[in-house]
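Novice: Questions regarding the structure given below will be posed in turn.
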Amino acid sequence: MMANRAVEKTVSALQGRGDISGTAGPLMARLPKVRGRLAEYASLARLSWFRTGGPAEILFEPADEDDLVCFLRGLPGDVPLTVIGVGSNLLVRDGGVDGVVIRLGRAFAGIRARGDMVKAGAGAMDVHVARAAADAGVAGLEFLIGVPGTIGGAIAMNAGAYGHEVADVVQHVRAVDRWGHVQDMTPADLKFSYRRSVVDDRLILLCACLKGMAGQSADIRARMADISAQRSDSQPIGTRTGGSTFKNPASETGGGQKAWELIDRAGCRGLAVGDAQVSEKHCNFLINRGRASADDIERLGEMVRARVRDETGVMLDWEIRRIGKPGVSHESGEAQG
Ligand SMILES: Cc1cc2nc3c(=O)[nH]c(=O)nc-3n(C[C@H](O)[C@H](O)[C@H](O)COP(=O)(O)OP(=O)(O)OC[C@H]3O[C@@H](n4cnc5c(N)ncnc54)[C@H](O)[C@@H]3O)c2cc1C
């Protein structure tokens, strides 16, 4: 916990000086001029659902698509690049993220429905897209009400819930690559599979066209209300979490059991490392009870994987994306429970 606090202290000291955009730090001085916001040593803890982890060396929030494209064209090739959405599936390690972290803000959050299609910016929240689709009588996107991220994150992760996934509804997307080339992509280009796509940090999604079907707004809203109710009954909504921690294993390896069932069988429900805990409500969710470091959360996850492997022979794969570098070791952390 010491190291985590030290990192946060440095970050708040830097932020305490006000907007640090334009500070001539070593990396900052090598970056192209932008109209958007560049911030040095910007806290990512406040941008991730776990509310923990280290800073971004540089955080870039582009003013619009042109600003982003110009920035990428001028970005030196050796600078690491990371893209984030709203951090609902991310664990940012305590040592922070080197290079530039890009986050798409309001300029990328537009939503427009026409016929049976919804066009949404990659920064639009899934829940807003689901509601806009309902208002326009576009059925088939209801499942997005249960995914608390952005459309960019949903496509990158092939997010899904209640028997539907993003791959079922994506018609095409616009993206820009690491070198500033804008391109249109089809679902075939995106190579969707279970909670995966071809999208990595060399590709930034800009917007997507999602295809639904004609429906009655009232019916669509009723299905969304059902999904929301089921979620609040079964998931620790409103806590600091990254959603499902591990992917459900393929039926050949997991014997048809879901990740949460294997975790429960291995006796991990409620297991804790410092302030990181396996949720009592849904044991495929790890939660930050308050002051957990990213290291506490990652070690807890690895402990769960080891116990599940020893008990069931199944090695779970992380679904949560872990980014950045580890921080220095800290005090907290004996396993409890
Ligand atoms: C309470 C809770 C419930 C959840 N329930 C579900 C669920 O039912 N189903 C489900 O699938 N997920 C669920 N999740 C996980 C998460 O919401 C999804 O994975 C979501 O799609 C992540 O979107 P994000 O914007 O938060 O992306 P982030 O978590 O910020 O990033 C996730 C990945 O997407 C990439 N990414 C984000 N934006 C872009 C972009 N514009 N271009 C390129 N890459 C990008 C990032 O690089 C990263 O690799 C849940 C999470 C929580 C906290």
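Computed from the coordinates by the stated procedures, all read-outs in this text should not be read as laboratory data. Keep in mind that this is a model prediction, so the values were computed, not measured. No Cβ is skipped: glycine too gets one built from the backbone with ideal geometry, and neighbour counts run over all protein chains shown.
Novice: Let me understand the chain better: what is its radius of gyration from the alpha carbons, and its Dmax, in angstrom?
Specialist: For the chain, the Cα-based Rg and Dmax read 20.3, 57 Å.
Novice: Once whole DSSP H runs in the chain are found, which of them have Cα atoms spread over 15 Å or more along the helix axis and a mean Kyte-Doolittle score of at least -0.5?
Specialist: Length and hydropathy pass: 2-16.
Novice: Could you give the length gained on full extension between GLN230 and ALA63, defined as 0.36 nm per residue of separation minus the Cα-Cα distance, in nm?
Specialist: This chain segment gains 56.4 nm when fully extended.
Novice: Which whole-number value in Å³ per residue fits the convex hull of the alpha carbons of segment 38-160?
Specialist: Values: hull volume 13.3 nm³, N = 123.
It is 108 Å³ per residue.
Novice: Given a 10 angstrom Cα cut-off, can you work out which residue in SER232, SER251, SER43 is the most mobile in a GNM of the chain?
Specialist: Of SER232, SER251, SER43, the Gaussian network model singles out SER251 as fluctuating most.
Novice: While we're here: Please list, in order along segment 28-35, the HN-Hα scalar couplings obtained from phi with the Karplus expression 6.51 cos²θ - 1.76 cosθ + 1.60 (θ = phi - 60°), rounded to whole Hz, x for Gly and Pro.
Specialist: Listing the rounded values in order: 3, 5, 9, 8, x, 5, 9, 8 Hz.
Novice: I'd like to compare 270-279, 291-300: which one has the highest average count of other Cβ atoms within 10 Å, and what's the full order after that?
Specialist: Final packing ranking: 291-300, 270-279.
Novice: Test of understanding: express the Cα radius of gyration of segment 203-323 as a ratio to 2.2 N^0.38 Å, with N the residue count. Please report the intermediate quantities before stating the final value.
Specialist: Working: Rg = 17.2 Å, N = 121, 2.2 N^0.38 = 13.6 Å.
With N residues counted in segment 203-323, Rg over 2.2 N^0.38 Å equals 1.26.
Novice: State, to one decimal in nm, how far the label point of ASP135 lies from the label point of ARG265, with both points 7 Å from Cα in the Cβ direction.
Specialist: Inter-label distance under the simple model: 4.6 nm.
Novice: Still on this structure, please answer the following. What do you get for Rg/Rh over segment 109-220 if you use C-alpha atoms and the Kirkwood form of Rh?
Specialist: Values: Rg = 13.1 Å, Rh = 13.7 Å.
Checking Rg against Rh, the ratio lands at 0.96.
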